[in-house]
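Below you'll find the structure, written out as structure tokens, and then a few comments.
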Amino acid sequence: MDVYEAVTTRRAVRGFTDRPVPREVLERVLSAAAWAPSGSNLQPWHTYVLTGGPLAELKKRAGERLTAGDPWDEPEYEQYPPALKSPYRERRSAFGEQRYGALGIPREDMEARQRAASANWDCFGAPAALFCYIDRDLVPAQWSDTGMYLQTVMLLLRAEGLHSCPQMAWAKYRKTVAEVLSPPDELILFCGMSIGFEDVTVDYARTGRAPLDETVTFVGDY
């Protein structure tokens, strides 16, 4: 698989089979991803990989919180601005319509949307999950570096025939994740990532992208 194919076939998969992901594949992916760029080579990411019993325990604890109706943990960072302006507001709305429309859930059925979103806490059935932390003393540039690292991981997973789903949603259950992983206090959970082989029987809608002239400006003799 070449780089262009990896980029264009990567998407947030929300349905996985229970086929195990070999440890040697994950080690190969994460060893190569370590070459992702970072300012002054700080390599600010701290990665935990869960499979088997520990992942099952995390899913169980998260499911119990969901069933009990426990409120989300207080945020340690903002996922979106309080007032999302145009064109980002429209793009987010279009994503929601596509995502839940593919599941046959109307916009006004908030209960059904919440049930669909609850699959996050089961990692959409994935047999492996990655949790990425960053030191709370670092600044936005290092968060950007961490994003480049995670994108590199996802592209390498595609090269291995695997799929993934990055999930900032896990930051809402960060205390439950910490119960299983016991990370140092100086780290913030940025996101989780479900990893596995796609369940091709699960329906989905591929979200579109803005046309090039909305996001790119060429300056020069073209």
(request) Keeping every protein chain in place, order VAL180, VAL25 by accessible area at 1.4 Å, biggest value first, i.e. largest first. (result) VAL180, VAL25
(request) Only Lys, Arg, Asp and Glu count, each charged at its Cβ (+1, +1, -1, -1), so figure out the dipole size of the chain about its Cα centre, rounded to 20 debye. (result) 420 debye
(request) With a 1.4 Å probe and every protein chain kept in, tell me what percent of the accessible surface of the chain is carbon plus sulfur. (result) 54 percent
(request) Pick out which of GLY63, GLY52, GLY15 has the largest mean-square fluctuation in a Gaussian network model of the chain, springs linking Cα atoms closer than 10 Å. (result) GLY52
(request) Show that you can apply the helix-only estimate: for the chain, add -39,500 (n - 2.57) for every DSSP H stretch of four or more residues, divide by all residues, and state [θ] at 222 nm to the nearest 500. (result) -12500 deg cm²/dmol
(request) For the chain, compute the number of Lys pairs whose alpha carbons are separated by less than 17 Å, excluding pairs fewer than 8 positions apart on the same chain. (result) 4
(message) Test of understanding: in a Gaussian network model of the chain with alpha carbons linked when under 10 Å, which of PRO20, PRO44, PRO87 would top the mean-square fluctuation ranking?
(response) PRO87
(request) At 7 Å along the Cα-to-beta-carbon direction for both ALA119 and ARG28, put a label point, then send me their distance in nm to one decimal. (result) 2.9 nm
(request) Using the heavy atoms of the protein chains and a 1.4 angstrom probe, tell me the accessible area per residue for the chain in square angstrom. (result) 59 Å²
(message) Run the paramagnetic zone check for THR201: 7 angstrom along Cα to Cβ, then residues of region 17-33 with backbone nitrogen under 15 Å.
(response) 17-19
(request) Would you mind telling me which residue in ALA56, ALA205, ALA36 has the biggest mean-square fluctuation in a Gaussian network model of the chain, where springs connect alpha carbons within a distance under 10 angstrom? (result) ALA205
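The values are calculated or read from the model by the stated rules, or taken from the named source; none is laboratory data. Not measured: the values here are computed from a predicted model. Neighbour counts are summed over all protein chains in view; Cβ atoms, including those assigned to glycine, are modelled from backbone coordinates with ideal geometry. These area figures cover heavy atoms from the full protein model, side chains too; ligands, DNA and RNA do not enter into them. Shrake-Rupley method; radii C 1.70, N 1.55, O 1.52, S 1.80 Å.
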